[in-house]
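Structure first, commentary second.
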Amino acid sequence: MGRIRILVVDDHRIFAEALATALSAEPEIEVGAAGSAAAAEHALERAAAEGRPFDVLLVDADLGATGAALGLPRRPRAAAEPEATGPAALRRPTGVVPAPRRAGSALVPPRQAELAVVPPVSRPAVAGQRRPVDGITLLGRSCHTYPGLRAVVLAAEEDPRRAVRALYAGAAGWVAKESSLTRLLTVLRGVLRGETHLPPTLLTGVVRELTTARRDRTESERLVESLTPREKQVLRCMVAGLGRQAVAERLYLSPHTVRTHMQNVLGKLGVHSTLAAVALARRAGVGPAEPASAPAP
């Protein structure tokens with residue numbers, strides 16, 4: 001195995017930099033650290049553009065959770081942080097700090113000023129402000145954008161439901177933050193061999209969640225199959241977010257007829273709202289109706 005390029009993403013900056021430093025002590029590992037989802041996406045994009053993509057994304061499951069829970073904006077990035085020297089793909093965009101390496105290694109340790117922790121800002125959140133992206137959402141986006149990227153979740157607690165969500169998003173590993181560095185290195189090397197790593201104590205819960213999800217999907221599929229072909233068309237329009245008038249125009253029906261079909265759909269699915277019907281349809285694998293084709297000129 002050649003050199004392994006890892007991007008550590010954790011908004012607890014001291015933790016991220018300490019972990020990156022520990023990992024970079026391994027001779028075959030190069031590490032960068034990002035303190036936010038935006039900084040991580042910037043780093044991944046830049047590394048890919050320069051032909052030196054990251055191999056593994058090591059992301060905190062609780063990324064962005066602290067500020068969101070308190071209703072606070074994320075802490076600001078340090079102003080005027082210069083690029084770190086070293087390999088081109090590990091040059092740091094704003095918010096990304098490469099881990100210091102031993103003397104003579106490829107990366108030069110960042111200056112002490114760059115390691116300063118910026119305290120959270122305690123001003124109230126601005127109305128309409130975008131919520132921070134959580135770690136699993138970042139993982140899903142990144143695995144979709146960079147198919148060769150392997151992702152491992154760092155978690156403060158074992159949560160089977162979140163672990164299943166991470167697996168669906170593309171994660172290949174889940175590591176507790178209390179694990180040893182040796183264990184983490186084993187997982188990182190394993191996922192690059194195509195392995196999936198879950199803690200034994202989490203495995204039973206994950207299997208239970210997957211079984212429940214499969215059972216829910218089977219029941220949802222059974223309910224959807226009880227619909228008539230026309231009701232299925234209406235349901236797909238509902239999944240697409242179309243209102244009654246738009247469905248009527250799409251299917252060449254009267255609004256009154258569409259209203260009847262929608263009521264029948266809700267009744268057969270055993271739900272009381274369009275939102276619940278759409279959620280059930282999604283579980284059953286029902287996709288949205290195709291967009292209406294433009295009229296020929």
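Taking the empirical scaling 2.2 N^0.38 Å for compact globular proteins as reference, segment 147-211 has a Cα radius of gyration ratio of 1.04. Residue separation of residue 211 and residue 145 scaled by 0.36 nm, minus their Cα-Cα distance, works out to 20.9 nm of gained length. For a modelled paramagnetic label at residue 26, 7 Å from Cα along Cα-to-Cβ, the residues of segment 150-166 in reach, with backbone nitrogen under 15 Å, are 150-154. Volume of the convex hull of segment 250-295 (Cα atoms only), normalised per residue: 82 Å³. Using every pair of separate Cα atoms, the Kirkwood estimate puts the hydrodynamic radius of segment 206-263 at 12.8 angstrom. Applying 1/(1 + (r/R0)^6) with R0 = 35 Å to the Cβ-Cβ distance of residue 195 and residue 48, what FRET efficiency is obtained, to the nearest 0.05? Between residue 195 and residue 48 the formula returns 0.90.
Computed across segment 172-254, the Kirkwood radius stands at 17.0 Å (inverse of mean 1/r, all Cα pairs). Between the beta carbons of residue 228 and residue 168, assuming R0 = 30 Å, the FRET efficiency works out to 0.45 to the nearest 0.05. Counting only the backbone N, which residues of segment 167-206 are under 18 Å from the spot 7 Å out from the Cα of residue 156 toward its beta-carbon? Under 18 Å, as judged by backbone N against the label point of residue 156, lie 175-180 of segment 167-206. Protein heavy-atom accessible surface, 1.4 Å probe, per residue over segment 213-293: 59 Å². Note on residue 182/residue 276: beta-carbon distance plugged into 1/(1 + (r/R0)^6) with R0 of 41 Å gives a FRET efficiency of 0.30.
The values are calculated or read from the model by the stated rules, or taken from the named source; none is laboratory data. Only a predicted model underlies this, so the values are computations on that prediction, with no experimental measurement involved. Don't worry about glycine lacking a Cβ; one is built from the backbone with ideal geometry, like all the others, and counts go over all protein chains shown. Note: areas computed on protein heavy atoms with side chains; ligands, DNA, RNA excluded. Shrake-Rupley method; radii C 1.70, N 1.55, O 1.52, S 1.80 Å.
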